[in-house]
Structures are given as C-alpha cells and as structure tokens.
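Participant: After the structure tokens below, expect a handful of questions from me.
The values are calculated or read from the model by the stated rules, or taken from the named source; none is laboratory data. Owing to the predicted nature of the structure, the values given are computational and were not obtained by experimental measurement. Because the Cβ atoms are built from the backbone with ideal geometry, glycine has one as well, and the counts that use them run over all protein chains shown.
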Amino acid sequence: MTASCVICAFLSHPHDPVRGSHFFAMSLFALLVSVALAGLTKRTAQERIKYAASCFLKFLAVAIAIGWLMFPFSH
Amino acid sequence: MSGVPGGSQKDTLNDSPVNDLLGPNGADASSNSVRSHESATKRVVLAPFFAMAAWIIPGLGHLALKRWGRALIFFSCVGGLAITGYLLRGNVFPPHSGDLFGTLGFLADASTGIFYVLAKFFERAGPDVSRAAGDYGTRFIAAAGIVNLLSVFDAYEIALGRRTM
C-alpha cells in the first residue's frame, strides 16, 4: 500500500466520504498551521504546546461557527 | 549618555548565533568597536544565505543557525502541508501562468522550496480541482508556502541578530 493510499484512507469517511474528508482536512490544516505559528512566536516547549493547542481549538471553533452561520444559505 | 546611537541594537546584534559561526573575530566583537562593525557587516552578508537555505529546504536555515526545534517544526509543518496538498490533488501553479492570481499562486507554491520541485513525484496523476478535496489541496500547498516564507523571514532576522528568541 502506498503512502498516498494510507493518507487518502484517513482523509475519507467510510459512510460519508465528503463530510469526513472535509472535517479531517480542516483539522489537519488547523493542526499544522497552529504548530508552525507556535514554533514561530513562542520560545519554550511548554509555551509552544499551550499556544498550539489554543490556536488549534480556536481554528476549529471559528470554522464550525462559520459553518453553522452559512447553514441557512445552503437551503 | 554613551554617544553611540543605536547602542542597544549593537548589543542585540552581538547575541546573533552567526557570531558562533564567524569564529574568534565574531566572538570578540563586543570588546572592540571595529571588530563589532566588521562582525555586523559579515552578518549582513551572511544573513541572505541563511534565508536562502531556509527557502530551499524548510528548516535548513534554522538548522544552520542551531535552532533545532524550529528547524524540525518548520520542516514537519511545511512538508506536511505541501505533501497533503499534493495527495489531495491540489493545483500546482506553473511559473508562467499569465494572470495575476496565477502568478501569486506560483509565488506561494514556489515558496515551499524543495517541495515545489517534488510536486510531480507526489502528484503523479496531476491536479483535480473538480472535487472539493482538490481545491483544499490547492490551499494546503499555498499555506505551506506562506508558512515557509515566515520561516525564511525568521531565519533572516535571527541571522541578523534582531531576534534573539
């Protein structure tokens, strides 16, 4: 099995491929960008972990909030 | 009053990790204003090379500056974003796209350094932006470039001694 297949398997959901992959892709994006920003702005490991966790959760919260705000326009 | 304008900046410059790489002249710079000036000049000359290294291979500039943690973080994050973008079959902008957005896309993609060159290896089937995943992939690749651009500026500032953390 190639690396491509393994990652694609994680990116898709068995029952709802589109929704599963969207949320996973967004979470992965939020995680990687949060860690990069934490590494850029903070010095100690403890500060970086706290900042990355906080940034990651804020990414998810804002994305879910915007998703719900757009929900009425999808019908 | 010391009579030396920008004295605090001089002190900051003496904390640059480039001093360690310059050898004894760089290390003794704080004790001699002439040597300090030479050291500062060398740092200005060397800083673009660290920035270039950081651009070509994400994290390499920080690695050369002995910032191991940041080097690992930037390599992992830029590599993770770029490779995921390629596996999602995001669009990789060519150098001569012909329009402004294409040029901006190329600049963002090319900022990933070695990962831009490896695009064809990871994305053998080519881009597919007819699905949402392909569109996400395009954003992943662009974000990888922007993150690497931030790391390039960070390596440049560290090499100049403007950033001690």
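Participant: I'd like the full set of residues that are surrounded by fewer than 19 Cβ atoms within 10 Å (Cβ to Cβ) and within 14 Å of chain A (Cβ to nearest Cβ), limited to the range B:55-74.
Facilitator: Answer for the range B:55-74, where residues must be surrounded by fewer than 19 Cβ atoms within 10 Å (Cβ to Cβ) and within 14 Å of chain A (Cβ to nearest Cβ): B:TRP68, B:GLY69, B:LEU72.
Participant: Can you say whether B:ALA119 is more than 18 Å from the chain's Cα centre (by Cα) and hydrophobic (A, V, I, L, M, F, W, C), as far as the supplied structure shows?
Facilitator: yes
Participant: Right, next: Can you pull out every residue in the range B:59-99 that is farther than 19 Å from A:LEU37 by Cβ and under 13 Å from the mean Cα position of the chain (by Cα)?
Facilitator: Residues satisfying the conditions are B:LEU60, B:LEU63, B:ALA64, B:LEU65.
Participant: Between B:VAL44, B:VAL4, which is part of a loop (DSSP other than H, G, I, E, B), at pLDDT below 90 and surrounded by fewer than 19 Cβ atoms within 10 Å (Cβ to Cβ)?
Facilitator: Among B:VAL44, B:VAL4, only B:VAL4 is part of a loop (DSSP other than H, G, I, E, B), at pLDDT below 90 and surrounded by fewer than 19 Cβ atoms within 10 Å (Cβ to Cβ).
Quick grid of which residues meet (1) at pLDDT 95 or above; (2) aromatic (Phe, Trp, Tyr); (3) under 17 Å from B:ARG139 (Cα atoms); (4) surrounded by 17 or more Cβ atoms within 10 Å (Cβ to Cβ):
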{"residue": "A:SER4", "(1), (2), (3), (4)": "no, no, no, no"}
{"residue": "A:ASP16", "(1), (2), (3), (4)": "no, no, no, no"}
{"residue": "A:SER34", "(1), (2), (3), (4)": "yes, no, yes, yes"}
{"residue": "A:THR41", "(1), (2), (3), (4)": "no, no, no, no"}
{"residue": "A:THR44", "(1), (2), (3), (4)": "no, no, no, no"}
{"residue": "A:PHE56", "(1), (2), (3), (4)": "yes, yes, no, yes"}
{"residue": "A:ALA61", "(1), (2), (3), (4)": "yes, no, no, no"}
{"residue": "A:GLY67", "(1), (2), (3), (4)": "no, no, no, no"}
{"residue": "A:MET70", "(1), (2), (3), (4)": "no, no, no, no"}
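Participant: Here's a follow-up. Among (1) buried (at least 17 other Cβ atoms within 10 Å of the Cβ); (2) of a type outside the set (D, E, K, R); (3) at the interface with another protein chain (Cβ under 9 Å from one of its Cβ atoms), there is one condition B:PHE93 misses while meeting the rest; what is its number?
Facilitator: (3)
Participant: Of the residues that sit in the range B:140-165 and are at pLDDT 85 or above and at the interface with chain A (Cβ under 8 Å from one of its Cβ atoms), which one is surrounded by the fewest Cβ atoms within 10 Å (Cβ to Cβ)?
Facilitator: So the residue we want is B:LEU150.
Participant: Would you please name the residue that is farthest from the other protein chains (Cβ to nearest Cβ), looking only at residues in the range B:96-139 that are out of contact with any Phe, Trp or Tyr (no Cβ under 6 Å at 6 or more places or on another chain) and among the aromatic types (Phe, Trp, Tyr)?
Facilitator: Checked the range B:96-139; the qualifying residue farthest from the other protein chains (Cβ to nearest Cβ) is B:PHE101.
Participant: Could you name every one of the helices (runs of 4 or more DSSP H) located completely within the range B:100-152 that has at least 2 residues being within 18 Å of A:VAL33 (Cβ to Cβ)?
Facilitator: B:100-110
Participant: Any residue in the range A:37-65 that is away from chain B (no Cβ under 12 Å) sitting within a Cβ distance under 6 Å of a residue that is among the polar types (S, T, N, Q)? List the pairs, counting only those 6 or more apart or interchain.
Facilitator: Partner pairs satisfying both residue conditions: A:CYS55/A:SER34; A:PHE56/A:SER34.
Participant: Go through (1) free of Cβ contacts under 8 Å to residues at least 60 places away in the same chain; (2) in contact with a Phe, Trp or Tyr (Cβ under 6 Å, 6 or more places away or on another chain); (3) among the small types (Gly, Ala, Ser) and name the single condition B:ALA155 misses.
Facilitator: Result: B:ALA155 fails condition (1) only.
Participant: For the range B:89-130, what are the residues that are among the basic types (Lys, Arg) and free of Cβ contacts under 8 Å to residues at least 12 places away in the same chain?
Facilitator: Within the range B:89-130, B:LYS120, B:ARG124 qualify.
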